[in-house]
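Take a look at the structure below.
The values are calculated or read from the model by the stated rules, or taken from the named source; none is laboratory data. Predicted model only: the values in this text are computed from it and were never measured. Methodologically, a virtual Cβ is constructed for each residue, glycine included, from the backbone with ideal geometry; neighbour enumeration extends over all protein chains shown.
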Amino acid sequence: MVSMKLDNRFKRQALNILLIGSGGREHALAWKISQSPLLTKLYMLPGNGGTYPLGERLVFEIEDHEQISDFCKAQAIDLVVIGPEAPLVDGLADDLRSQGIATFGPSAAAARLEGSKHFTKKLCSKMDIPTAAYGHFTNPANAHAYVQRQGTPIVIKADGLAAGKGVTIAQTPDEALAAIDNCFNGNFGDAGAEVVVEEFMTGEEASMFFLCDGTTALPFGTAQDHKAVGDGDTGPNTGGMGAYSPAPVLDAAMQQRVLQEIVEPTLRGMEAAGTPFSGVLYAGLIISDSGPKLIEYNVRFGDPECQVLMMRLESDLVPLLHACATGDLANHSAEWSNDAALTVVMAAKGYPGKATTGGFIGGLAGLNSADTHVFHAGTAMQEGMTIATGGRVLNITATGSSVSEAQARAYAAVDKVEWPDGFCRRDIGWRAIEREKTDG
Ligand code: AMP
Ligand code: GLY
């Protein structure tokens, strides 16, 4: 519920909002923001083929921070919402805030929680946050020796941002040594100049999201992703082929442990270091026999996890994002639907390798309803038709009283999409659905 104080303030000040990014995540955020009674006008830099009806499309470069801040001043933008990690790591939030523009998203210093694995591991050690034991290396010989001492399975990670491709779970010493060499040989550019070698943790994987304003963390939903491209979790990893929310493994007690054992100490540590974290903190977790352990942080909403969260969020998103940007989150809470939500990613054939783009997509008209929504990702509008422009192209999203029901609705909609170049996994939600079957 929004506090009265804030309600009154917003009544006087309706908001112009600029949303940065072009993925399915940003379409879902735009969809939710555009339902807010507080919104005056939404601008999107640049948005995608699905966001046209929701906001005005801007076409300048996201790297041009000065142009963005000039635009914000000229158009009296009250809040900038930054979707992807790259502009955050690049300091866009700092540059906008230095011009007095309220911005949802962490500073570059705080975005190191995603941008550097070693940074996060050091913080975990300092704050006693449960995570995998690790070693950090700047040369291959020492990393090789560590692997020889620790044995396998073991996890090798390029330190920096490597588009989700910098992690190898090595089952044998040879694989581990090859993965280390692959990092140091420059295959991930600067991201691989430093390497983290980690203990392999066992347990079920799940994600939990937190809105943060530097001091306060507000739990903001749970989800499970499907990283592998193929059914049965086979084939190469992708940005995510589907997701559902909530994640059954993160029950209320486990969520409380994640908040108290992992996220609150993180915010305290960041604040103490003079780099408070604001924005959304996405905790990738393993739920082990001894409790939750941190795999990694992202400093943004997950894509496609955001799509399922937005389908379930009943509160107005705008005051929540604004409160993160202005340090007022302690006065807020978030209300969620009890329904499950599930999203199926439709990708262009070839993804995650070279994808077949340019094809027309039909059958989309009439798919949106009270329980189903098509979020666009890599699409553009061409002469009134939707065309595929990227790897992950559509997120067919549905709600239901169970994950099974949401899945049935999502695939019923998928089957109406006319797009010969597209494919999707047919088993999104399998883990939760098996649990629903067992639990009756
Ligand atoms: P990351 O890019 O750090 O999220 O890692 C990619 C995936 O590798 C994660 O989603 C996990 O499935 C897996 N993973 C990463 N680190 C570990 C670890 N220490 N133990 C087990 N699995 C891991
Ligand atoms: N779906 C995984 C991510 O957004 O990083």
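Pairing residues of region 216-230 that are without any contact (Cβ under 8 Å) to a residue 24 or more places away in the chain with residues that are buried (at least 19 other Cβ atoms within 10 Å of the Cβ) and not in a strand (DSSP E or B), at Cβ distances under 9 Å and at least 6 apart in sequence or on separate chains, gives Ala228/Thr238; Ala228/Met241; Ala228/Arg425.
The set of residues from region 162-179 being out of contact with any Ser or Thr (no Cβ under 9 Å at 6 or more places or on another chain), among the hydrophobic types (A, V, I, L, M, F, W, C) and within 23 Å of Tyr297 (Cα to Cα) comprises Ala162, Ala163, Val167, Ile169. The residue that is nearest to Phe119 (Cα to Cα), counting only those in region 147-169 that are within 16 Å of ligand 2 (Cβ to nearest atom) and not in a strand (DSSP E or B), is Gly160. Scanning region 58-105 for residues that are part of a strand (DSSP E or B) and either touching a Pro at 6+ places or on another chain (Cβ under 6 Å) or of a type in the set (S, T, N, Q) (or both) yields one hit, Thr103. Scanning region 396-440 for residues that are of a type in the set (Asp, Glu) and farther than 26 Å from Glu314 by Cα yields Asp415, Glu418, Asp421, Asp427, Glu434, Asp439. The strands (runs of 3 or more DSSP E) located wholly in region 207-302 that include 2 or more residues which are touching a strand residue (DSSP E or B) at 6+ places or on another chain (Cβ under 7 Å) and modelled with pLDDT under 95 occupy 234-237. Selection of region 347-371 for residues being touching a helix residue (DSSP H, G or I) at 6+ places or on another chain (Cβ under 7 Å) and either buried (at least 24 other Cβ atoms within 10 Å of the Cβ) or on the phi > 0 side of the Ramachandran plot (or both) yields an empty set. Exactly one residue out of Phe209, Phe188 is of a type in the set (A, V, I, L, M, F, W, C) and closer than 28 Å to Ile262 by Cα: that is Phe209.
Of all residues in region 172-204, those being more than 9 Å from ligand 1 (Cβ to nearest atom), in a loop (DSSP other than H, G, I, E, B) and closer than 24 Å to Gln224 by Cα number 0.
Could you list, in sequence order, all residues of region 148-164 that are at pLDDT 90 or above, surrounded by 14 or more Cβ atoms within 10 Å (Cβ to Cβ) and out of contact with any Cys (no Cβ under 9 Å at 6 or more places or on another chain)? Passing the criteria: Gln150, Thr152, Pro153, Ile154, Val155.
Screening Ala74, Ala108, Ala133 for residues that are free of Cβ contacts under 8 Å to residues at least 24 places away in the same chain and loosely packed, with under 15 Cβ neighbours inside 10 Å leaves exactly one candidate, Ala74. Being hydrophobic (A, V, I, L, M, F, W, C) and farther than 30 Å from Met270 by Cα is the filter here, so list the residues in region 215-246 that pass it. The answer is Ala228, Val229, Met241.
Closer than 29 Å to Ala340 by Cβ and within 16 Å of ligand 2 (Cβ to nearest atom), is that true of Ala223? When the stated conditions are applied, Ala223 passes them. Residues that are in contact with a Ser or Thr (Cβ under 6 Å, 6 or more places away or on another chain), over 23 Å from Lys121 (Cβ atoms), surrounded by fewer than 17 Cβ atoms within 10 Å (Cβ to Cβ) and free of Cβ contacts under 8 Å to residues at least 40 places away in the same chain do not occur anywhere in region 319-340.
Given the condition closer than 26 Å to Val280 by Cα and at pLDDT 95 or above, answer yes or no: does some residue in region 165-183 qualify? For region 165-183, residues closer than 26 Å to Val280 by Cα and at pLDDT 95 or above: absent.
For region 236-263, a tally of residues being within 14 Å of ligand 1 (Cβ to nearest atom) and over 15 Å from Ile433 (Cα atoms) returns 6. The one condition from (1) within 16 Å of ligand 2 (Cβ to nearest atom); (2) in contact (Cβ under 8 Å) with a residue 24 or more places away in the chain; (3) surrounded by fewer than 18 Cβ atoms within 10 Å (Cβ to Cβ) that Arg300 does not meet is (3). Residues of region 171-215 that are without any contact (Cβ under 8 Å) to a residue 60 or more places away in the chain and polar (S, T, N, Q): Gln171, Thr172, Asn182, Asn185, Asn187.
Among the strands (runs of 3 or more DSSP E) confined to region 372-435, the ones with at least 1 residues that are touching a helix residue (DSSP H, G or I) at 6+ places or on another chain (Cβ under 6 Å) and closer than 16 Å to Val345 by Cβ are located at 372-376, 392-400. Does Met310 count as over 19 Å from the mean Cα position of the chain (by Cα) and hydrophobic (A, V, I, L, M, F, W, C)? So Met310 does not fit the description; no.
For region 21-57, a residue qualifies if it is surrounded by fewer than 24 Cβ atoms within 10 Å (Cβ to Cβ) and assigned to a strand (DSSP E or B), and the qualifying residues are Leu39, Thr40, Lys41, Leu42, Tyr43, Pro46, Glu56, Arg57.
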